[in-house]
Amino acid sequence: MKADGHICSVAVSKDGRWIVTGDRGKKAVLWNAATHEKMREFTEHGHHVYAVDISSDGAKMAAADYLNAQVFSITSGDRFLPPLPHPSVVGVKFSPYDSRFATVSTNNGFRVYSTHNGNILFDSGKKGSTRTELVVPLA
């Protein structure tokens, strides 16, 4: 397994089958963990890929490139949703049941999205949220 350039993020699927990396070359790369073979490159990003995650079922991967989060099919490489804007995004994480995922920004709070349609279910705003009745659980 040989990555190109500077790696910013890494995630491993729960079953240990897949590894995904995000890099400064504006791409996320899917690797077969057993063979170390590069399976697919996701080059739709406009900036460094600072965060990646793999869904619990191993079917989807999410990548965040500082301005957008994107969700792709691991098997086909197809993008499930259009790019979801979130300025200064540096983290992404699927919920345990894969129905939601969250992004976190360096200066624009965090957001929770539906994996089904990309709708924002919660946005903390720049200063976070103090209204607990608005919180949507990730699970």
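Each value in this text was obtained by applying a stated rule to the coordinates, not by laboratory testing. Computed from a predicted structure; not experimentally measured. Cβ coordinates were reconstructed from backbone atoms using ideal geometry, including for glycine residues, and neighbour counts include every protein chain displayed.
Can you figure out the FRET efficiency of Asp57 with His6, using R₀ = 41 Å and their beta-carbon distance, to the nearest 0.05?
On the way: r = 30 Å, r/R0 = 0.73.
After rounding, the FRET efficiency stands at 0.85.
If amide hydrogens are placed 1.01 Å from N in the peptide plane, which non-local residues have theirs closer than 5 Å to the one on Ala69?
Leu84, His86
Return the ratio Rg/(2.2 N^0.38 Å) for the chain, where Rg is computed over Cα atoms only. All intermediate terms of the calculation are to be shown ahead of the outcome.
Working: Rg = 14.5 Å, N = 139, 2.2 N^0.38 = 14.3 Å.
Output field value: 1.01.
Quick one: net charge around Cys8, please, counting Lys, Arg +1 and Asp, Glu -1 for every other residue with C-beta under 10 Å from its C-beta. Provide the component values of the computation, followed by the final result.
Numbers: positive: Arg24; negative: Asp23, Asp65.
Net of charged neighbours comes to -1.
To the nearest Å, what is the center-to-center distance of segment 101-127 and segment 1-61, using C-alpha atoms only?
22
If the reach is capped at under 25 angstrom between alpha carbons, list the lysines near Lys126, excluding any in the same chain fewer than eight residues apart.
Candidates past the 8-residue exclusion: Lys93.
Using 7 Å Cα-to-Cβ label points, what is the Asn107/Glu41 separation (nm, one decimal)?
Here the answer is 3.2 nm between the modelled labels.
Cross-link candidates for Lys27: which aspartates and glutamates have Cα within less than 19 Å, leaving aside residues fewer than 8 places away along the same chain?
Qualifying aspartates and glutamates at Cα under 19 Å: Asp4, Glu37, Glu41, Glu44, Asp53, Asp65, Asp78.
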